[in-house]
1. So if I take the centroid of the Cα atoms in the stretch 34-52 and the same for the stretch 328-375, what is the distance between those two points in Å?
2. Once fully extended, how much extra length lies between residue 144 and residue 33, figured as 0.36 nm per residue of separation less the alpha-carbon to alpha-carbon distance?
3. Show log10 I(q)/I(0) for the chain at q = 0.07, 0.13 Å⁻¹, two decimals, from a solvent-free Debye sum over equal Cα scatterers.
4. Return the equivalent ellipsoid semi-axes of the stretch 256-295 as a descending list in whole Å, where each equals the square root of 5 times an eigenvalue of the C-alpha gyration tensor.
5. Using a Gaussian network model of the chain whose springs link C-alpha atoms within less than 10 Å, name the residue from 66, 290, 262 with the highest mean-square fluctuation.
6. Could I get the Rg over Rh figure for the stretch 241-367? Both from C-alpha atoms, Rh via Kirkwood, rounded to two places.
7. Any chance you could list P(r) for the stretch 56-142, counting all Cα-Cα pairs in 5 angstrom bins from zero, rounded to whole %?
8. Please identify the GluC sites (Glu not before Pro) of the stretch 52-160 that satisfy two criteria: DSSP loop assignment and at most 10 other Cβ atoms within 10 Å. Which are they?
Amino acid sequence: MSALPLPPLLDHHCHGVLRTDPTAERFASFLTESDAPPAPGTTFFDTQAGFAVRRWCPPLLGLEPHCPPDAYLARRRELGAAETTRRLLAGSGIGGLLVDTGIPGDLLGPAELAAAAGPGTTAREILRLERLAEHTADRTDDTRAFLDGLAGAVEDGAGTAAGFKSVLAYRHGLDIDPAPPGPAEVRAAAGRWLAGRSPGGRLTDPVLLRHLLWSAVRTGRPLQLHTGFGDPDLTLHHCDPLLLTGFVRATAPTGCPLVLLHCYPYHRQAGYLAHAFPHVHLDMGLALTHTGARATAVLGEMLELAPFGKLLFSTDAYGLPELYVVGAELFRRGLRHVLGAWVAEGVWAAADAQRVAAMIAADNARRVYGPESFG
């Protein structure tokens, strides 16, 4: 069903890209979640993500598909970072971006990404809760001032950002006490953390992490939660979304949308939570990029249990504009292949396939985050 029409994609979870042209080594480092150099005699270009970049990005820069890495990087240098980014983002077919701004570095922000992608593309910010708390703590070491400032920052964020994100999975793991901590417990935890914290120190205290989650939930804005694989800073078996079941139950009465990011290799577990709880949603970002030629199989597995109104498109692109292209192309091709096969077998109607494709590509994100989040 290669002709399955899709609207411009709404990428509900992504990051900024580099302003300057990276070295060959730095470019390749964005093709993996590892934080270490490749094994001797190997390259990160020899991965599913690396092969996907070499297949889908060269034509947008005037090269043949599958061109060698050296030729691709030479063309990138010839065009320069700004023109490369413009061509790739404009060619991605993405019409709206929700950008997690919590990763430090010299990266394009939401407005700059939208401008690079071309007329009609919109971008809004997703606020990372842990970074919000750390920035607040950098301005004061007084417990009361910190908690008041944090409450104000969350409230302000709810009025300006499209939603919040937590990296609880990295800072503690997802197996937390699901109940909101009481005021005395929060004050004591904040005092301990501030007293022992160096400037710029990361927040890992489980009480304060729970306090952040519940502060965001009470705003009613969508809350994104990292689950599944990522860089080695996390411990993967602590990132199974099923560990959030207690928190999911506790937050159900609030109606606050919980959006489980990435999920792989626990995407079937995440599908169960979306199946069982009305306020749980999930995406397929990152997983499709890193499974590459096998992305169709992963996408089909995500369509097993999760209700179709609960699945959202994202790229989780970070650093390289190429990852926007790859995430979008693998999604489109995978969805068309899976749904097309079901239509060909007669188990789905073509009209239903078109409707579900539009839901996952854009309509679900617009409903979950509100139409105002996408212009």
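1. Cα centroid to Cα centroid, the span is 31 Å.
2. Here the segment from residue 144 to residue 33 would lengthen by 36.1 nm.
3. Listed by q, the Debye log ratios stand at -0.30, -1.06.
4. Taking √(5λ) for each eigenvalue gives 21, 10, 6 Å, largest first.
5. 66
6. With Rg and the Kirkwood Rh in hand, the quotient comes to 0.97.
7. Spelled out per bin, shortest first, that is 3, 13, 18, 16, 15, 13, 9, 6, 4, 2, 1, 0.
8. Nothing satisfies the criteria.
Values quoted throughout were computed directly from the atomic coordinates according to the rules given, and no laboratory measurement underlies them. Predicted, not measured: the structure shown is a model, and the values here were computed from it. Ideal geometry is used to build each Cβ from the backbone, glycine not excepted, and the neighbour counts take in all protein chains shown.
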